[in-house]
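To start, the structure itself, in structure tokens.
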Amino acid sequence: MYCSIFLSLLLALLFCSSFSSAFVMPRQASNARAASVLYSDGANPPPFANWGQPTAPPALPPPAAAAAASVAPPPAQTPAVSMTCNDAIAVLHASQTQIVDKIAASIPDLAVKPDFCWNGDEETKIAGVQATLDARDAPGPANIAWLASIHIPNKLSSLTIFNGPLTNVPHLLSRVAVDDSPTSRLELALDFRPRAYGAYELINPQDGTYPGPETLGRQAFEYSGNRKDYETHFVNNEVQAFLKTIVDSLDGAVLVNDVVATATLPQEELLTRGPHCLHVSMPLNDANIAAVEKARTQAANYWLSWVLDQSHSHRPGAPVNTQYVYDTKFKINAYGALLPVYTKLFGQADGAKLTAAESGPLDEAYVGGGS
């Protein structure tokens, strides 16, 4: 009897166990299938003990940080600087010498003026440094009234050319100086200076217009005609684009002749500079030195092409005389414009000495004169 009771209890326990498994296991399987769907992106599911409880989503990088990491620019590269001030000026002067040699080869009557040359002796020191000056003129058909090529180690490479009155070709100014305040920077001045008065100093800097006949009377038409001739025959769209590309090619360039600076210029500078005069300051580095060298060479090539073009010659008579009168006043004003530049660089005494040497004889604009 006891055996029968024991067997009955054992069968009852086995039946209950089977019944419970039949209901619990499908629920666990259902939870597992839900988990496999929820984490089908490959992330590891949370532990079984956490099923049914709030869990934090998988950690992801902050969207802003991820975006920033994907678009971060490469580190800026500092332009190479391997040249000292002396090296830079030496390179530019060597290039300037080649320019003068090319001009001399193209204009056979361009002759050295020994009495005006500086050969680096004690008497021609500027700021304690021996300076050199190659002075020339061409009184013949090319009519170069004055050419001055100056070299001051560490400090200056300058080429100035004044044309005589037989042509209306613009004068050339091509100067590079080292400004040491507060750090070493190069300053490039490049200009094709007009040979006829165009009232350039009266330009409205806001819109680029000039006074009309209501202000200047009939002379307004004369000045307008001079401006048109200058930009038609010489500093045309091509040359203006060339001057713009110079600025674009320079690293860290800052225009010195902006609207604010122009308003403070001496009157002599305003009366002599061209409307597209370029005066720019830049850091001293290898790339800028190469760009400046290239720009000065191209500017000299433009000038030489105009000089060799006979269509720019004046007819004999009144046009030559008128040009001579204008040129004589121009050279005096050019001296006055250059004096504060060199005074700032070299002091009052040496600045005046260098200005006089570079300006040349002020009374020989008509033929270039003899030494």
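The values are calculated or read from the model by the stated rules, or taken from the named source; none is laboratory data. Quick caveat: nothing in here was measured; it's all calculated off a predicted structure. Here Cβ is always computed from backbone atoms with ideal geometry, including for glycine, and neighbour counts include all displayed protein chains. Side chains are part of the model used for accessible areas, which takes the heavy atoms of the whole protein and leaves out ligands, DNA and RNA. Shrake-Rupley method; radii C 1.70, N 1.55, O 1.52, S 1.80 Å.
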Checklist entry - What about GLU214, is it in contact with a strand residue (DSSP E or B) (Cβ under 8 Å, 6 or more places away or on another chain) and open to solvent by 10 Å² or more (accessible area, probe 1.4 Å)? => result no
Next on the checklist: Of the residues SER224, SER305, SER311, only one is in a helix (DSSP H, G or I), small (Gly, Ala, Ser) and farther than 27 Å from ILE103 by Cα; which?
Outcome noted: SER224
Checklist outcome for this item: For the range 86-131, the count of residues that are surrounded by fewer than 17 Cβ atoms within 10 Å (Cβ to Cβ), within 27 Å of ASP179 (Cβ to Cβ) and touching a Gly at 6+ places or on another chain (Cβ under 9 Å) equals 2
Next on the checklist: Would you confirm, using the coordinates I've provided, whether THR297 is assigned to a helix (DSSP H, G or I) and either open to solvent by less than 40 Å² (accessible area, probe 1.4 Å) or of a type outside the set (Asp, Glu) (or both)?
Outcome noted: yes
Item to check | Selected residue [out of contact with any strand residue (DSSP E or B) (no Cβ under 9 Å at 6 or more places or on another chain) and in contact (Cβ under 8 Å) with a residue 40 or more places away in the chain] from ALA196, ALA145 | outcome: ALA196
Checklist entry - So which of LEU362, LEU345, LEU339 ends up being open to solvent by 20 Å² or more (accessible area, probe 1.4 Å) and either under 18 Å from ALA145 (Cα atoms) or of a type in the set (Ser, Thr, Tyr) (or both)? => result LEU362
Item to check | Filter result for the condition that a residue is out of contact with any helix residue (DSSP H, G or I) (no Cβ under 8 Å at 6 or more places or on another chain), within 24 Å of SER305 (Cα to Cα) and hydrophobic (A, V, I, L, M, F, W, C), over VAL129, VAL112 | outcome: VAL112
Checklist entry - Mind checking whether some residue in the range 260-280 is open to solvent by less than 50 Å² (accessible area, probe 1.4 Å) and more than 17 Å from ASP191 (Cα to Cα)? => result no
Checklist entry - Can you spot a residue in the range 276-293 that is out of contact with any His (no Cβ under 8 Å at 6 or more places or on another chain), assigned to a loop (DSSP other than H, G, I, E, B), closer than 26 Å to SER224 by Cα and of a type outside the set (S, T, N, Q)? => result yes
Next on the checklist: Going by what's in this entry, would ALA104 be described as modelled with pLDDT of 85 or more and touching a Leu at 6+ places or on another chain (Cβ under 7 Å)?
Outcome noted: yes
Checklist entry - From the set of residues in the range 150-194 that are among the small types (Gly, Ala, Ser) and surrounded by fewer than 24 Cβ atoms within 10 Å (Cβ to Cβ), which is modelled with the lowest pLDDT? => result SER181
